[in-house]
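Notes follow once the structure below has been shown.
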Amino acid sequence: MTDTDRTKLGNTDGHLEDELEQAFDRLVGEGVQRLHRPWREVLVTGFFGGTEVAVGVLAFLAVRQATGSALLGGLAFSIGFLALLLGRSELFTEGFLVPVTTLAAKRATAGQLAKLWGGTLVANLAGGWVIMWLVMKAYPGLHHQTVESAAHFALAPFSVESVCLAVLAGAVITLMTRWQHGTDSAMAKIVAAVAGAFLLAGLQMFHSVLDSLLIFGALHTGAASFGYLDWLGWFAYTAVGNVVGGLLLVTLLRLVRTKDRLAEERAQVGAG
């Protein structure tokens, strides 16, 4: 069957199945809005993203201390991802599938992508740092659990295992983004957020922002056996691993799957 024949079978005129056509349009439409934000909006949205993830970290710590289970803590952490979803804020590692697809469609520039990534990452960390300071002052009973949880990441040696945990974290959160953009159902998006949180926090994958907030909380207690330099060494390879997992294992395959649709978008931009 030719591509021309395929375009006549569904409800849309595209080369992809109707659901994929609609998901692609959602991706590019949202990406255009996100990538064309001014600096002020990028930083404020990213700061809120950090504060909302920190609320999820608080839930994770409280449940893990009460139950001793990282898996149950991971479910509690989904509060943070639900806040991101409902509040329309931004997390650095959510910025792989949507913005890169938009860039590939020539609906944005590399400079705009760099602004989104850099501004969001810095603002995520700043917002999370502030909220974790408040959390540690408000809940001194969580200090021991915070230090113990954070040490798992901050003191982890640079190894194949650590890098693989970072790559998996990047892939999982990008898959979560893909799941959420594959549906118009609010309930399905909520389920995707809970599933992503369970995998990331419950299985203690290495996530550059989420786990940085745990480390910041431990440092705020003054009882940690590690410092900001230890965090920075861990963060450097973890952030790279997250990018590799999100881009190579998920986003690149998505671009290959939608290459004909991307070509149409680029042609429209060129014609305009």
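With the requirement that a residue be of a type in the set (F, W, Y), in a helix (DSSP H, G or I) and either free of Cβ contacts under 8 Å to residues at least 24 places away in the same chain or more than 18 Å from A171 (Cα to Cα) (or both), what does region 225-253 give you?
Within region 225-253, Y228, W231, W234 qualify.
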Quiz item: Scanning region 20-76 for residues that are outside any helix (DSSP H, G or I) and in contact (Cβ under 8 Å) with a residue 24 or more places away in the chain, which turns out surrounded by the fewest Cβ atoms within 10 Å (Cβ to Cβ)?
Solution: H36
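Which residues, counting only those in region 214-262, are among the small types (G, A, S) and surrounded by fewer than 17 Cβ atoms within 10 Å (Cβ to Cβ)? Give the steps one after another, and end with the answer.
First, the residues of region 214-262 that are among the small types (G, A, S): 217-218, 222-225, 227, 233, 236, 239, 241, 245-246.
The answer is G222, A223, S225, G227, G233, A236.
Any idea which of A59, A23 is under 27 Å from V191 (Cα atoms), in contact with a helix residue (DSSP H, G or I) (Cβ under 6 Å, 6 or more places away or on another chain), modelled with pLDDT under 95 and aliphatic (A, V, I, L, M)?
Numbers: A59 fails: modelled with pLDDT under 95.
Step by step, each of A59, A23 is checked, and only A23 is under 27 Å from V191 (Cα atoms), in contact with a helix residue (DSSP H, G or I) (Cβ under 6 Å, 6 or more places away or on another chain), modelled with pLDDT under 95 and aliphatic (A, V, I, L, M).
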Quiz item: Of the residues V167, V160, V147, which single one is touching a Gly at 6+ places or on another chain (Cβ under 6 Å), farther than 19 Å from I79 by Cα and modelled with pLDDT of 95 or more?
Solution: V167
Practice problem: Could you give me the residue pairs with C-beta distances under 6 Å whose first residue belongs to region 170-183 and is modelled with pLDDT of 90 or more, whose second residue is among the aromatic types (F, W, Y) wherever it lies, and which are 6+ apart or on separate chains? | Solution: T174/F96
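The values are calculated or read from the model by the stated rules, or taken from the named source; none is laboratory data. The structure presented is a predicted model; accordingly, all values stated were derived computationally and were not measured. No Cβ is skipped: glycine too gets one built from the backbone with ideal geometry, and neighbour counts run over all protein chains shown.
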